[in-house]
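Inspection log for the structure reproduced underneath, given as structure tokens.
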Amino acid sequence: MSIEVRNLTHVYSEGMPHESLALDDISFRVEDGEFVGIIGHTGSGKSTLLQHLNGLLKPKSGSIIIDGTDITSPGVSMREIRCKVGLVFQYPEYQLFEETVAKDVAFGPSNLGLSQEEIDARVEEAIRLVGLDYERLKDVSPFELSGGQKRRVAIAGVIAMKPQALILDEPTAGLNPKAHADILDMVNTIHRTESNIILFVSHNMNDIARMSDRILVMDHGRLAMNGTPEEVFTREEELKQMGLALPDAMELTMRLRRKGMNIEQNCLEISALADAIAQLRG
Amino acid sequence: MIRDITLGQYYPGNSWVHKLDPRLKIIATLLYIVALFVVHDFIGFAIAFLALAVVIAISRVPLKFILKGLKPVFIIIVFTLMVNLFMVKGDILVQFWIFHITRQGLRMAAFMGIRLVLLIIGSSVLTLTTRPIGLTDGIEALLSPFKKIGVPAHELAMMMTIALRFIPTLLEETDKIIKAQQARGADFESGNILRRAKALIPILVPLFISAFRIAQDLAMAMEARCYGSGIKRTRMNAMKFAKRDLVGGILLVAFLAIIVLERVLI
Ligand SMILES: Nc1ncnc2c1ncn2[C@@H]1O[C@H](COP(=O)(O)OP(=O)(O)O)[C@@H](O)[C@H]1O
Ligand SMILES: [Mg+2]
């Protein structure tokens, strides 16, 4: 499984007075098993990009190649693509609609035309994978759960389709610190157990730096950077110009350097920075 | 895309027509519609057409944009044409099977068609050149003389303002929910009517919940700012009759006079 995007351009409301160029000639490639973080200012085109990857939006030009198939060419089965690429929208809890948690999670798998036993097995597995108590919650109405739990049910609904690539659009937005940490743990667990591709959008640079193998930086519809966390977060000036912050540890490293401290490593985590300082002190 | 519906939409601009007082524009539109029913021959329609064409030209709203608004009502226009064409009795021109087309029917169909198209374009020029907020302020101002007999002018206008304000929000919400369910493999296009109706449940349930959530948040926000309609409220942008409105008013009266004279004399 790999995802390749070539010269992708998207225009909203083409030909209307409020026409806007949301994606401008984007190209990148994601390999099997990679964890890719996506950052960018609000309105930079992150959500628009993600919706192209499972065919929900059609590009103006360019191509999207999923597992060797160009999904922009005519006659491609969208059901197959959506089975391979799972997309969790921002605030996914707003799409819950069924009477019980189990039924809601089963919506995706039953659309794939699986057998009832297979559906039941997948529902149970998905609910456990997102860290919820299956026996206790399966027959509860999703509307009675807490915000963080609702979100996990919604994510389970996508995981139950067993996508080979899981895309999460700001999955931690608007959660309290505990629920935020739980969702991050959950994403890590899913990545480890399913060993699938993960694309993860977040405004929290600490999370992005810690979890990603690679980072894509979006700016005004263009792909401004594409590199490892270290490569991206050492380009401080450019990031600040795009209105993006550094991870706390990196920010502190930069400031200490400016104060004359001779820290050689680019520390993305506070523990690494602490070690570096301890070393300097001998 | 669900957002690209143009009927009833505002087209941002800075023209003379955009700047006219909303009250005048609302009255003018109403009188224009009345005029369309006063007219009873082709010369009259030609005058009405010309007047509308001039207003559109001044407003600088692209014709393409205006005609797009006709698309959703196309079926209604065709249906009206058919009914008039086949149902009116008179001198028979063409006849086949149980249908017959009469001279009077042809004339009637042509009149109704022109009337409908002018009516729709005329009223869309109002919404295209007036911000929704101006529209509701105008309606409130025009209704306020009736407050004495118990018409809740301010409340009506407020309800309209809120409804207009949230149409785009709800469309956006619908779009998001449809996409989210499609991402879970939902299929809205295939199957018989029953299956398709059932496929709407995953959209409608979250949409209703969202609508209630939005309404609740709004009510809370209004209450937090002590909104109340009982007291005499003042406005940030009070509507003032300007010189251009006088010119507009004179042009309107001239147009109506020509229409009436044409009807009486010819
Ligand atoms: N449905 C839509 N219709 C028109 N414009 C849109 C729509 N969705 C997003 N946009 C515009 O496209 C740009 C990119 O938006 P988006 O992809 O949502 O950015 P991000 O997710 O990075 O905040 C923004 O300028 C936004 O206003
Ligand atoms: Mg977004």
Checklist outcome for this item: Compactness summary of chain A: radius of gyration and Dmax from Cα atoms, Å, are 20.3, 65
Next on the checklist: Before we go on, tell me the buried accessible area for the B/A pair, both chains summed, 1.4 Å probe, in Å² to the nearest 100.
Outcome noted: 2100 Å²
Item to check | B:I58-B:I193 pseudo-label distance in nm [points 7 Å out on the Cα-to-Cβ vector] | outcome: 4.9 nm
Next on the checklist: Check which residues have an amide H placed less than 5 Å from A:A22's amide H, if you skip close sequence neighbours.
Outcome noted: A:H10, A:V11, A:Y12
Checklist entry - Per residue, how many Å² of accessible area does the range A:3-246 show with a 1.4 Å probe? => result 40 Å²
Checklist entry - For the range A:1-46, what value does the Rg/Rh ratio take when both radii are computed over Cα atoms and Rh is the Kirkwood radius, given to two decimals? => result 1.08
Item to check | Farthest toward positive dipole pole in the range A:3-246 [+1 Lys/Arg, -1 Asp/Glu at C-beta], among A:F107, A:T42, A:S77 | outcome: A:T42
Checklist outcome for this item: Applied in sequence order to the range B:126-140, the curve 6.51 cos²θ - 1.76 cosθ + 1.60 (Karplus, θ = phi - 60°) yields integer Hz couplings, x standing for Gly and Pro, of 4, 6, 5, 9, 10, 4, x, 5, x, 4, 6, 4, x, 4, 4
Checklist entry - Given labels modelled 7 Å from the Cα in the Cβ direction, how far is it in nm from A:R29 to A:T42? => result 3.6 nm
Next on the checklist: Quick query: amide H of A:G33 versus all other amide H atoms, modeled in the peptide plane; which residues come in under 5 Å with a sequence gap of 5 or more or a different chain?
Outcome noted: A:I197
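Roughly to the nearest percent, how much of the accessible area of the range A:3-246 is carbon and sulfur, given a 1.4 Å probe? Don't skip to the end; give the middle numbers.
Details: 4470 of 9840 Å².
That share works out to 45 percent.
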Next on the checklist: Suppose we keep just the alpha-carbon trace of the range B:128-266; what are its Rg and Dmax in angstrom?
Outcome noted: 23.0, 68
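Which value, in Å³ per residue, describes the convex hull spanned by the Cα atoms of chain B?
Working: hull volume 55.6 nm³, N = 266.
In chain B, the Cα convex hull volume per residue is 209 Å³.
Report, in debye and to the nearest 20, how large the dipole of the range B:102-154 comes out about its Cα centre when Lys and Arg carry +1 and Asp and Glu carry -1 on their Cβ.
Details: 6 positive and 2 negative charges, 58 e Å.
About 280 debye.
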Next on the checklist: Counting other C-beta atoms within 10 Å, and keeping those with at most 14, which DSSP coil trypsin sites (Lys or Arg not before Pro) do you find in the range B:187-266?
Outcome noted: B:R225, B:K232, B:R233, B:R235, B:K240
Checklist outcome for this item: Averaged per residue, the 1.4 Å probe accessible area of the range B:55-137, protein heavy atoms only, in Å², is roughly 59 Å²
Checklist entry - Stokes-Einstein D for the protein assembly as shown at 37 °C, 0.692 mPa s, Kirkwood Rh over Cα pairs, in µm²/s? => result 116 µm²/s
Checklist outcome for this item: Within the range A:83-137, DSSP-loop GluC sites (Glu not before Pro) with at most 13 other C-beta atoms within 10 Å are A:E99
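For the range B:219-266, run through the chymotrypsin sites (Phe, Trp or Tyr not before Pro) and keep only the ones in DSSP coil with at most 13 other Cβ atoms within 10 Å of their Cβ. Show your work: numbers first, answer last.
Details: sites: B:Y227, B:F241, B:F255; in loops: B:Y227, B:F241.
Qualifying residues, ordered by number: B:Y227, B:F241.
Dividing the convex hull volume of the alpha carbon atoms of the range B:76-178 by its residue count, what do you get in Å³ per residue?
Working: hull volume 19.5 nm³, N = 103.
Expressed per residue, the convex hull around the Cα atoms of the range B:76-178 is 189 Å³.
Hey, with R₀ at 22 Å, roughly what FRET efficiency would B:A163 and B:F65 work out to, going by the Cβ-Cβ distance, to 0.05?
Details: r = 23 Å, r/R0 = 1.05.
Once the sixth-power term is evaluated, E becomes 0.45.
What translational diffusion coefficient, to the nearest whole µm²/s, does the range B:88-146 have by Stokes-Einstein, given a Kirkwood radius computed over alpha-carbon pairs, a temperature of 4 °C and 1.567 mPa s viscosity? If you can, show how the numbers build up before the last one.
Details: Rh = 14.8 Å.
In µm²/s, the coefficient is 87.
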Checklist entry - Under the Karplus relation 6.51 cos²θ - 1.76 cosθ + 1.60, θ = phi - 60°, what is the ordered set of whole-Hz ³J(HN,Hα) values for the range A:27-37, x standing for Gly and Pro? => result 9, 6, 9, 10, 8, 4, x, 7, 10, 10, x
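So, with a 1.4 angstrom probe, what is the percent of accessible area on chain B that is carbon and sulfur? Intermediate results must be reported in sequence, preceding the final value.
On the way: 11940 of 16560 Å².
Solvent-exposed carbon and sulfur of chain B make up 72 percent of the total.
Evaluate the relative contact order of chain A (contact order divided by residue number), counting alpha-carbon pairs under 8 angstrom at least 6 apart; express in whole percent. Kindly include the intermediate steps, with their values, before the conclusion.
Numbers: 501 pairs, mean separation 61.9, N = 282.
This gives 22 percent for chain A.
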Checklist entry - So for the range B:195-266, what are the equivalent ellipsoid semi-axes in whole Å, largest first, each being the square root of 5 times an eigenvalue of the Cα gyration tensor? => result 47, 29, 9
Checklist outcome for this item: Among A:L57, A:Q116, A:T9, the residue whose Cα sits farthest towards the positive end of the charge dipole of chain A (+1 at Cβ of Lys and Arg, -1 at Cβ of Asp and Glu, taken about the Cα centre) is A:T9
Checklist entry - Using a Gaussian network for chain B with springs between C-alpha atoms less than 10 Å apart, which of these wobbles most: B:L218, B:L164, B:L67? => result B:L218
Checklist entry - Name the residues of the range B:169-194 whose accessible area falls by at least 40 Å² when all protein chains are present instead of the chain alone, probe 1.4 Å? => result B:K179, B:A180, B:Q182, B:A183, B:R184, B:G185
Item to check | Contact order relative to length of the range A:29-188, as percent, for alpha carbon pairs under 8 angstrom and 6 or more apart | outcome: 27 percent
Checklist outcome for this item: Accessible-area loss of at least 50 Å² (1.4 Å probe, chain alone to full protein assembly) applies in the range A:10-28 to A:M16, A:P17
Checklist entry - Taking H as built 1.01 Å from N, whose amide H comes closer than 5 Å to the amide H of A:G43, not counting residues under 5 places away? => result none
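The values are calculated or read from the model by the stated rules, or taken from the named source; none is laboratory data. Values in this document were obtained by computation on a predicted structure and should not be read as measured data. With ideal geometry, Cβ positions are generated from the backbone for all residues, glycine too; neighbour counts draw on all protein chains shown. Keep in mind that these areas ignore ligands, DNA and RNA; they rest on the heavy atoms of the full protein, side chains included. Shrake-Rupley method; radii C 1.70, N 1.55, O 1.52, S 1.80 Å.
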